[in-house]
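Scroll down for the structure; my scribbles are underneath it.
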Amino acid sequence: MSKFNNEALVNEIKGRLSIINLVESYTSVKKTGKGYVGLCPFHDDTNPSMHVDDDKGLFHCFSCGAGGDIFGFYMRYNNLSFPEALSELAKKAGVTIEKQSSPAPQKSPNSALYKINAVAAKFYRKTLTEGKKGKAGRDYLEKRNIPPETSKEFIFGFAPEGWDGLVNFLADNKVPLNIAEKVGLIVKRKNADGYYDRFRNRLMFPICNVEGKVIGFGGRRVNEEDEPKYINSPESDIYQKRKSFYGINKSKDYIRHEGRAILVEGYTDFLSLYSLGIKNVAATLGTSLTREHVGVLKRYTDNVVVMFDSDESGRKAAVRSLDALLEEGLLPHVAPLPAGKDPDSYISEEGPEKFAQLIEDSVSWVEFFIEMSIDRYKKGRITLNRMVRDIVELLEKLRDPVEKSLRIKKTAEMLGIKESEIYSMVKSGRGHNKMAAVATKTQYPRTEKQLLTVLVKFPDLHVQLHNEDWSELISNDDIKSIMQAIIDEEVKDPSSLLIHFDGKVAHEIISEALLSSPVIPDEDTAAKIFQGCIDKLKLSKIDEKLKTLRIEIDEAIKRKDDELEKKLLKEYQQYKELSMQNKGRKEESYEQ
Ligand SMILES: [Zn+2]
C-alpha cells in the first residue's frame, strides 16, 4: 500500500472531471435508475455489466471485477502508471501541476529511462544521416529500396562501429551511464571499469510504445558476416516483449480506421507492408502473440488477421498467436501465404494489390481449422478420433456462446455425427478449459467480503472492531489491508479511500463494495449485519479449531496418550461451548 502525497491534486482533478464523460469517450453508456451502465471495455462484454456512478466518481464491472475511479479507468484503459495518468488527466482538467508543492513523484519512475532512449535515438539518427560513420547504414537502406520517408517516420538510426561511440556521447552529455545500462543500451565491462556499446555497426530501429515513446531498439546487421542478424534491447522496466508491438504508435490509427489489424512478426514485415501503403499492421517482436498483446490490440479493433506461411511449421507457429486471440474472446481470421513465403517477400514479389486481396480473402480461423482437420482425416493423415479431438479442443476455446453452438452444429453436419455428441465432448471439456477460469473475477471469502462491503459503505462502524482481534479473522490479505487503512486513516468519505491504494486489486474491491447493491437502509441495520459477519467469522474460526482438535484427539487415542487426550478433550469442550454461545448470538442478532 502506498499513500500518494498529492491527495489535494487528485481531489482537484476528480472535482473537475466527470467520470461519466471520461467513460463515455471509450464506451457507450446508458442511464439507469441510480447511475449508468455500459459495455465493459476490459473484458469481452456482450451484456452491459459496467456500472458507473457519477456522484461517487466510480466505475465497476460486475462481470470481470475491473473497477476504481477516473484514475483507475484511465490507467487501465491506456496501460499507464498512476503518475502518468495523473499528469494526463491534470491536463484534461486544466489543472497545473506545481513542481514544488509535491517534490517527489510527479514523474513516473520510468521517465529517466524513456529520456535516455530518446537521447540515444537522436544520436543514432544523427549518425545515420550525417557524416562518414553512417555510410554503411545509408548504403544498406538504398540497397533494400527503403524509402527515405519511412526511414524518417520511424526514426531509423545507425549505431557506429567501435565499442564506445554511444558511451562517449552519453558521457559527454553528462547522461548517467547506469541508467543507460538499465535499458540495455550499454553493457558493463566484465574485467575492467566502464561500459561498452551493445549495438555496433547496426541499423537501428527504435521500438515505441503506443504514445510514441522509445522503449527499446532493434539492431540489424549491415555486414552479412556479423552475427546474429538481429540484436534487440533486453527487457527492462519500460520494455516487455509480451505486450509490445513494433510501430504501433504509427499504425494504431490506421488499425482503428480500417477496423482491422494485420498481424505479422517482426519489423521487416511491418516496414515493407507499411511503406507500400498497407498500414494497419501490428508486428510482435520475436515472440508469438500473448494475451497481453491482445489486450493492447483490443483497444483499436476486435478484428485481427493472422498471416502465416502455409507449410506445417509456419502454421504451428501461428497457432499460439491464434490461441491467444481466441482466449481473449476474439474470432481471428487467417490469411495463409504460399509455402516458403513471408509477408515481406510476398508483397515485394506480388505487389500491394495482390496482398490486399489476400487480406480480403482471409477466412475465419475456426472454419479454416475444421476444414483442414477434416481434409487431413480424409487423406488418411490422422485418425477419426484424433480429428474429432482436435476440433473439440478448438471449440472449447471459443468464448462466444453463439459462435460456439453455430460451429458445433456445422461440425456435426460436416462429420455426419450427432450434435449432442460434440456438445457433450465440449462440455466435459476434459478439465482443461483455462479461459473460463481467467475470465471470471477473483473470488474472495464471502463473509470477509461482506464485512468489508458494509465497512466501506459505513466506515464509522470500524469502532466495532476495536475490541476484536479482527485481523485474526480475516484470511485475505487484500481485504485485510483495506480494513486496516479505514481504521488507520479514519476514513470518513469512502470514495476517497482509493487514494490510499495504488494497486488494481484494492480498487476493484473498493469500487465493487461501494457500487454493489442492495443498498443498506441505515446505520443500525448496517451495524447489525456487520456484527453478524464478525460473529460468523469467529464461529468458522472456532469450527476450524474444533476440527483440528478432533484430529489431535484421535491421534492421542491411537498413541494411548491418556494425559494428552484428557487435556485436548477439555479444550475441545471449551471450544464447543464457545461455539454454542456464538451460534446463539448469531441467531439472535443476524437475520439474513
Ligand atoms: Zn468487465
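Going through region 9-21 one residue at a time, which ones are touching a residue at least 40 places away in the same chain (Cβ under 8 Å) and either open to solvent by 30 Å² or more (accessible area, probe 1.4 Å) or touching a strand residue (DSSP E or B) at 6+ places or on another chain (Cβ under 9 Å) (or both)? Correct list: 11, 12, 14, 16, 17, 19.
Residues of region 337-345 include at least one that is in contact with a helix residue (DSSP H, G or I) (Cβ under 7 Å, 6 or more places away or on another chain) and free of Cβ contacts under 8 Å to residues at least 40 places away in the same chain.
Residue by residue, here is whether (1) more than 22 Å from residue 443 (Cα to Cα); (2) in contact with a strand residue (DSSP E or B) (Cβ under 6 Å, 6 or more places away or on another chain); (3) buried (at least 19 other Cβ atoms within 10 Å of the Cβ); (4) modelled with pLDDT under 85 holds:
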| position | (1), (2), (3), (4) |
| --- | --- |
| 502 | no, no, no, yes |
| 506 | no, no, yes, yes |
| 521 | yes, no, no, yes |
| 528 | yes, no, no, no |
| 544 | no, no, no, no |
| 547 | yes, no, no, no |
| 550 | yes, no, no, no |
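Listed by first and then second residue, the pairs linking a residue in region 32-49 that is under 16 Å from residue 295 (Cβ atoms) to a residue that is more than 9 Å from the ligand (Cβ to nearest atom) and of a type in the set (Phe, Trp, Tyr), with Cβ atoms under 6 Å apart and 6 or more places separating them unless they lie on different chains, are 41/26. In region 362-373, the residues that are under 10 Å from residue 411 (Cβ atoms) form Cβ pairs under 6 Å with partners that are assigned to a helix (DSSP H, G or I), at six or more places apart or across chains, as follows: 366/407; 370/391; 370/411; 373/387; 373/390; 373/391.
Report whether or not residue 318 is small (Gly, Ala, Ser) and either assigned to a helix (DSSP H, G or I) or open to solvent by 10 Å² or more (accessible area, probe 1.4 Å) (or both). The answer is yes for residue 318. The condition of being outside any strand (DSSP E or B), surrounded by 15 or more Cβ atoms within 10 Å (Cβ to Cβ) and without any contact (Cβ under 8 Å) to a residue 60 or more places away in the chain holds for only one of 175, 210, that being 175. Counting only residues that are outside any helix (DSSP H, G or I) and more than 16 Å from the ligand (Cβ to nearest atom), region 7-29 holds 3 of them.
Restricting region 76-88 to residues that are farther than 17 Å from residue 511 by Cβ and in a helix (DSSP H, G or I), the residue that is nearest to the ligand (Cβ to nearest atom) is 78. If I filter region 188-196 for residues that are touching a residue at least 40 places away in the same chain (Cβ under 8 Å) and among the aliphatic types (A, V, I, L, M), do I get at least one hit? No, region 188-196 contains no residue that is touching a residue at least 40 places away in the same chain (Cβ under 8 Å) and among the aliphatic types (A, V, I, L, M). Beta carbons closer than 6 Å, at least 6 apart along the sequence or on distinct chains, never pair a first residue in region 525-551 that is without any contact (Cβ under 8 Å) to a residue 12 or more places away in the chain with a second that is open to solvent by less than 60 Å² (accessible area, probe 1.4 Å) and not in a helix (DSSP H, G or I).
Residue by residue, here is whether (1) buried (at least 19 other Cβ atoms within 10 Å of the Cβ); (2) not polar (S, T, N, Q) holds:
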{"position": "118", "(1), (2)": "no, yes"}
{"position": "126", "(1), (2)": "no, yes"}
{"position": "135", "(1), (2)": "no, yes"}
{"position": "144", "(1), (2)": "no, yes"}
{"position": "148", "(1), (2)": "no, yes"}
{"position": "152", "(1), (2)": "no, yes"}
{"position": "157", "(1), (2)": "yes, yes"}
{"position": "168", "(1), (2)": "no, no"}
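Being assigned to a helix (DSSP H, G or I), open to solvent by less than 20 Å² (accessible area, probe 1.4 Å) and in contact with a Phe, Trp or Tyr (Cβ under 7 Å, 6 or more places away or on another chain) is the requirement here; does residue 324 meet it? In short, no. Within region 120-172, the residues that satisfy the criterion of being polar (S, T, N, Q), in a helix (DSSP H, G or I) and free of Cβ contacts under 8 Å to residues at least 24 places away in the same chain are 129, 151, 168. Of all residues in region 30-75, those being assigned to a loop (DSSP other than H, G, I, E, B), open to solvent by 10 Å² or more (accessible area, probe 1.4 Å) and within 15 Å of the ligand (Cβ to nearest atom) number 13.
The values are calculated or read from the model by the stated rules, or taken from the named source; none is laboratory data. Everything numeric here is computed off the predicted structure, so don't read it as measured data. Note that we place each Cβ from the backbone using ideal geometry, even for glycine, and neighbour counts take in every protein chain shown. Side chains included, ligands, DNA and RNA excluded: accessible areas come from the protein's heavy atoms. Shrake-Rupley method; radii C 1.70, N 1.55, O 1.52, S 1.80 Å.
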